[in-house]
Amino acid sequence: MMCGVTDADAEPNDEKTTKGKTTREIVIHVAPRGAFPKIVNPLEELQESIKRWTFEASPFVRLAEEIKAKHEGALSEAFSPIRWGLADAIQQSLGRPIFMAYQENVRRLFDFSSVLPNYSKLLEGILPKIEYGELFRRLQPANWADVPDDIDPFALIDLAEEGIPTAWVPRAEVLVALVSADVDKRLQVLLDHQGQVLEDCDVTLSETSQGAHAEQMVLLVQAVASARLCLFAPAQAIAASVLDTLIRKSMSPGEKYSAWLRKHPADKSWPIGQMRYFTAMTPMSRAFKEFWKSKGDPIPDAFNRHASTHAAGAIQYTEGNALVGVMLAVSVLRELHEKDEEARRAAEAEDEEDNV
């Protein structure tokens, strides 16, 4: 059974029906040219498949539209037998956990030869191979664009798993320094680049002055200003409170932190198609880790929202934790703002299509 296809969805093939196989499998491998009287552009199918698999379809839709525009004249009935296979191949690639991509060599994820072996020559002649690099650039956070090619992108996700924000802030130079440093030296790297980090936070916040999170943006501007004045305690307190507000706004009614965290695992089990969003949210696993002082839990020495609120003191309130907290709040706010903007642009594009 191919991803996204049920027996109820399958349409029997007039030429041949094979027990135990869905029509899509048969279409990919044995359907004759012209088996579908109504020809559907495979790139339109691709766009619809991607929409079902990603929170925000716009980066992939734009890519499909660019390919379509470039090769419109060559798209013909020849694509009919493989239109579902092409969409499913990309759909499955984007829906696979990113840790699998890491294990299996992500650069070959979008090679269709293994998925559509009978049509590889046809694909080569009509549709350019969708390169890992092009899709990955559209999936990754914007601040990764200037990171050198010899830096493994998964190393940046590993940093996020350690609790260090890597989406939207900081700049590439700081990311490279963090990756190159020993684990126990990374917080000091952030402190050594504090001026650049805070500047990056200011620039990133300036892009979120309008929208649903504008009030939280104003508070974070004050947090950044406090950190610049070496007033780290108020900076950390503001960051922790803003993070709490942002996450609560994204929760379902009655949802608990633990349930929200289960939907945002910090283990690379999330789909490739949602890489930027989950990279931004990954440090939250540590920042919102439960801490019960009444049960004798030790006070976390890394940035933690609960400890910042319920265990204010020298262990939790530090210069390093303040910097991480501010970065994380800025990163999460910027990502939520971007998701809102992508949804708005997608809605406007739909309206324009409806009015044509």
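The values are calculated or read from the model by the stated rules, or taken from the named source; none is laboratory data. Keep in mind that what you see is a predicted model, and the values were worked out from it rather than measured. Here the Cβ positions follow ideal geometry from the backbone for every residue, glycine too, while neighbour counts run over all protein chains shown.
Residue-level analysis places Val189 outside the set of residues that are of a type in the set (A, V, I, L, M, F, W, C) and under 24 Å from the mean Cα position of the chain (by Cα).
Give me the residue from the range 196-211 that is in a helix (DSSP H, G or I) and either of a type in the set (Lys, Arg) or touching a residue at least 24 places away in the same chain (Cβ under 8 Å) (or both) and, out of that set, surrounded by the most Cβ atoms within 10 Å (Cβ to Cβ).
Cys201
Is it the case, given these coordinates, that Ala312 is in a loop (DSSP other than H, G, I, E, B), out of contact with any Gly (no Cβ under 7 Å at 6 or more places or on another chain) and surrounded by 14 or more Cβ atoms within 10 Å (Cβ to Cβ)? Taking the combined requirement at face value, the residue satisfies it.
Only one of these is of a type in the set (A, V, I, L, M) and surrounded by 15 or more Cβ atoms within 10 Å (Cβ to Cβ): Ala307, Ala347. Name it.
Ala307
Would a scan of the range 253-260 turn up a residue that is within 24 Å of the chain's Cα centre (by Cα), among the hydroxyl-bearing types (Ser, Thr, Tyr) and part of a loop (DSSP other than H, G, I, E, B)? No, the range 253-260 has no match at all. Of all residues in the range 277-296, those that are of a type in the set (Phe, Trp, Tyr) have Cβ atoms under 7 Å from Cβ atoms of residues that are at pLDDT 90 or above and part of a helix (DSSP H, G or I), 6 or more apart or on another chain, in Tyr277/Glu335; Tyr277/Lys339; Phe288/Arg305; Phe291/His306; Phe291/Ala307.
Would you mention how many residues in the range 252-281 are β-branched (Val, Ile, Thr) and out of contact with any Lys or Arg (no Cβ under 9 Å at 6 or more places or on another chain)?
So the count comes out to 1.
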